[in-house]
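The values are calculated or read from the model by the stated rules, or taken from the named source; none is laboratory data. If you're wondering where the values come from, they're calculated on a predicted model, not measured in any experiment. Neighbour counts run over all protein chains shown; Cβ positions are idealised from the backbone, glycine included. Ligands, DNA and RNA are stripped out before the accessible areas are found, and what is left, the full protein with its side chains, is counted by its heavy atoms. Shrake-Rupley method; radii C 1.70, N 1.55, O 1.52, S 1.80 Å.
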Amino acid sequence: DPTPPMLIQTAINFAAAGKTVFAEVGTFLEAVSLNKILTLSGAGSTAGGSIITATGGTALSMSAGTNAVTRVIAQNLRLTGSSTGVVANSYNTLDNVASVSNTTYGINLSPLTDLVVSNSQFNSNGQAGLKLSSTASASYVSFTDCEFNSNAVHGWYADASSAVEPTFDNVSVTNTSF
């Protein structure tokens, strides 16, 4: 009998800060918390790559990095079939991440500063490709070569609570479709 793959979260829990955790080809039925400074690198963002599904929850929650150099990084992953694909935080980088076909959002932004997203897709989600939470503000955000297509209601969505109005400033969007 082949040995089943280790859960991604188990590998993250054992990895020292600053290291890279590699996710092999396959489907991982778990909610992953990237809760320390490290890189989570999958085998690709296609249906034949590394797929994370957290039915009814968030597939990938990213903790804040320390600064522009010491970042939390997710790359080469597919996040699908969850409520929300990814929750991003300050000093996070996403590269070649497909957060698609989730029931609510592809990416939900926590209050943050300095988010870099490249070569990623946030398509065909049940509500919006990107959600800026009602009390969150985000600044210094960059999207390059990304997609926010065919989401059921919005490509990007922000709402304000009655007490706090979110801001979204210093945003760069290059070669990105909606």
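Quick check on my filter: what residues within the range 123-178 are open to solvent by less than 30 Å² (accessible area, probe 1.4 Å), in a strand (DSSP E or B) and aromatic (Phe, Trp, Tyr)?
Scanning the range 123-178 gives a single hit, 143.
Scan the range 112-122 for residues that are within 18 Å of residue 77 (Cα to Cα) and either of a type in the set (Lys, Arg) or part of a strand (DSSP E or B) (or both) and jot them down.
Of all residues in the range 112-122, those within 18 Å of residue 77 (Cα to Cα) come to 115-122.
Answer for the range 112-122, where residues must be within 18 Å of residue 77 (Cα to Cα) and either of a type in the set (Lys, Arg) or part of a strand (DSSP E or B) (or both): 115, 116, 117, 118, 121.
List every residue pair whose Cβ atoms lie under 7 Å apart, where the two residues are 6 or more positions apart in sequence or sit on different chains, the first residue falls within the range 103-125 and is over 21 Å from residue 57 (Cα atoms), and the second residue, located anywhere, is of a type in the set (Val, Ile, Thr) and open to solvent by 30 Å² or more (accessible area, probe 1.4 Å).
Close Cβ pairs (under 7 Å, with a partner that is of a type in the set (Val, Ile, Thr) and open to solvent by 30 Å² or more (accessible area, probe 1.4 Å)) amount to 118/144.
Being within 25 Å of residue 164 (Cβ to Cβ), at pLDDT 95 or above and among the β-branched types (Val, Ile, Thr) is the filter here; which residues of the range 109-149 pass it?
113, 117, 141
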